[in-house]
Amino acid sequence: MCGKEIWDAAEKGTKTGDTRSANLMRFYALGRMLDEAETSALTGCDIEAAERLRELQAHCEKLIAVLAPEQKKRPRLVAA
């Protein structure tokens, strides 16, 4: 399964039906999305890699909203 499919499965629910399991699946999906972006970059598909990174970024923001719903601020770049 690709990262997006795993994310969608988490949205539909898990076998246990609890939030922690769904969040675990979402984190796993984010990791898969990063792997997909890396593979695209390594094979010379830079535009596809950038698209996959944008998708990853959007899903990271979605997970942040799930984990901290009271933080209704606009997405921002964080200094690492």
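The values are calculated or read from the model by the stated rules, or taken from the named source; none is laboratory data. Quantities reported herein were computed from a predicted structural model and do not represent experimental measurements. Here the Cβ is made from the backbone with ideal geometry for all residues, glycine too, and neighbour counts use every protein chain on show.
Observations on the model:
- Within segment 1-19, the set of residues being small (Gly, Ala, Ser) and either modelled with pLDDT of 95 or more or out of contact with any Asp or Glu (no Cβ under 9 Å at 6 or more places or on another chain) (or both) comprises 9, 10, 13, 17.
- Between 37, 49, 22, 79, the distinction of being of a type in the set (A, V, I, L, M), farther than 14 Å from residue 5 by Cα, over 11 Å from the mean Cα position of the chain (by Cα) and at pLDDT below 95 belongs to 79 only.
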